[in-house]
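To keep things clear, I will list the structure first and then write my remarks on it.
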Amino acid sequence: MTTSSAEKRVVVEATPAALATRVADRFLTRVRARTRNGRIAHIALTGGSMGGAVLRAASEHPRAAEIDWSLVHFWWGDERFVQRDDVDRNSLQSRQALLHHIPVPQENVHEVAGPDTGLTLDESAAAYAADLARFGTDEHPWPSFAVCFLGVGPDGHIASLFPDREEVTVTDAAVLAVRNSPKPPPERVTLTRPVLNSSKRVWLVMTGADKASALGLALAGASYSSVPAAGAKGRKRTVFFVDEAAASEVSVDLIDQAY
């Protein structure tokens, strides 16, 4: 079932497993449509349990074999500044769930440099911005993501843009170094709101009753500085993919079957 609120849509599945399967199916459908005629698809991934679940479901989906993965570039909305094979790395989870199971060229996988590369946190953020700029458009020095996945915390944070912190208001940079994150680990690298919101489609994936309040505030148009998820918006489509527990505060009269 699906709900709509202004330009945002909310797609609801009964369980996290069913949600992961649905999102994976739509993801592969979108990537196949984008690359079918030889076009490049830039995808921004997220971490977290649902981020990994969606990618695992995608790796097991028969449609994955129909995609020319040489045309797909993978990025991350944020990354923890830890070593490449640290369990806290979003990219490690993505590699294990999907990237190791598809024939994507290594040069198409754009990981944020960790401390094991010899770069400092600020140097890592600058290097990531420079890599993005290699694929910039006429409008801005970064690619426009065909799909940008975002997890949402119970506090409404997206990527490593946390409520009531300076990073969420920055508009003059593509990438930021984050220190003293309210959620460990304390050092991170994150894309900024202008980069996230230049994506064609922003898909926010969230499950569990502890996310219901954040979802309700985001749909109600809360201040993005206090509820960063409220400020996430794709140029073509913004979709909250949620399970029934997270959707407990979504008005029933908004539900439809259109999406």
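Structure notes:
- Looking across the stretch 123-158 at every residue that is β-branched (V, I, T) and in a loop (DSSP other than H, G, I, E, B), the one that is farthest from V82 (Cα to Cα) is identified as T137.
Here is a yes/no grid of residues against (1) of a type outside the set (K, R); (2) within 25 Å of A53 (Cα to Cα); (3) modelled with pLDDT of 95 or more:
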site: G151; (1), (2), (3): yes, yes, yes
site: A159; (1), (2), (3): yes, yes, yes
site: F162; (1), (2), (3): yes, yes, yes
site: R165; (1), (2), (3): no, no, yes
site: V170; (1), (2), (3): yes, no, yes
site: A174; (1), (2), (3): yes, no, yes
site: S181; (1), (2), (3): yes, yes, yes
site: P186; (1), (2), (3): yes, yes, yes
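- Single residue of G52, G48 found to be within 13 Å of the chain's Cα centre (by Cα), open to solvent by 20 Å² or more (accessible area, probe 1.4 Å) and not β-branched (V, I, T): G48
- The listed residue being touching a residue at least 40 places away in the same chain (Cβ under 8 Å), under 14 Å from E79 (Cβ atoms) and not polar (S, T, N, Q), out of G151, G114: G151
Matching residues to (1) modelled with pLDDT under 95; (2) open to solvent by less than 20 Å² (accessible area, probe 1.4 Å); (3) more than 21 Å from L98 (Cβ to Cβ):
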position: S4; (1), (2), (3): yes, no, yes
position: V12; (1), (2), (3): yes, yes, yes
position: D25; (1), (2), (3): no, no, no
position: R34; (1), (2), (3): no, no, no
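- In summary, strands (runs of 3 or more DSSP E) completely within the stretch 159-259 and bearing 1 or more residues that are under 26 Å from E123 (Cβ atoms) and open to solvent by 20 Å² or more (accessible area, probe 1.4 Å) occur at 175-178.
- Residue satisfying condition, being under 25 Å from R235 (Cβ atoms), in a helix (DSSP H, G or I) and either in contact (Cβ under 8 Å) with a residue 12 or more places away in the chain or open to solvent by 10 Å² or more (accessible area, probe 1.4 Å) (or both), within set T21, T29: T29
- A Cβ distance below 8 Å, combined with a sequence gap of six or more or placement on separate chains, defines the contacts here; from the stretch 226-245, residues that are without any contact (Cβ under 8 Å) to a residue 40 or more places away in the chain reach residues that are buried (at least 21 other Cβ atoms within 10 Å of the Cβ) and among the β-branched types (V, I, T) in the pairs A245/T207.
- Inclusion of Q83 among residues that are open to solvent by 30 Å² or more (accessible area, probe 1.4 Å), farther than 23 Å from S199 by Cβ and polar (S, T, N, Q) is warranted.
The values are calculated or read from the model by the stated rules, or taken from the named source; none is laboratory data. Just so you know, these numbers come straight off a predicted model, no measurement behind them. Cβ sites come from the backbone with ideal geometry, for glycine too, and all protein chains shown count toward neighbours. What goes into the accessible areas is simple: the full protein's heavy atoms, side chains included, and nothing from ligands, DNA or RNA. Shrake-Rupley method; radii C 1.70, N 1.55, O 1.52, S 1.80 Å.
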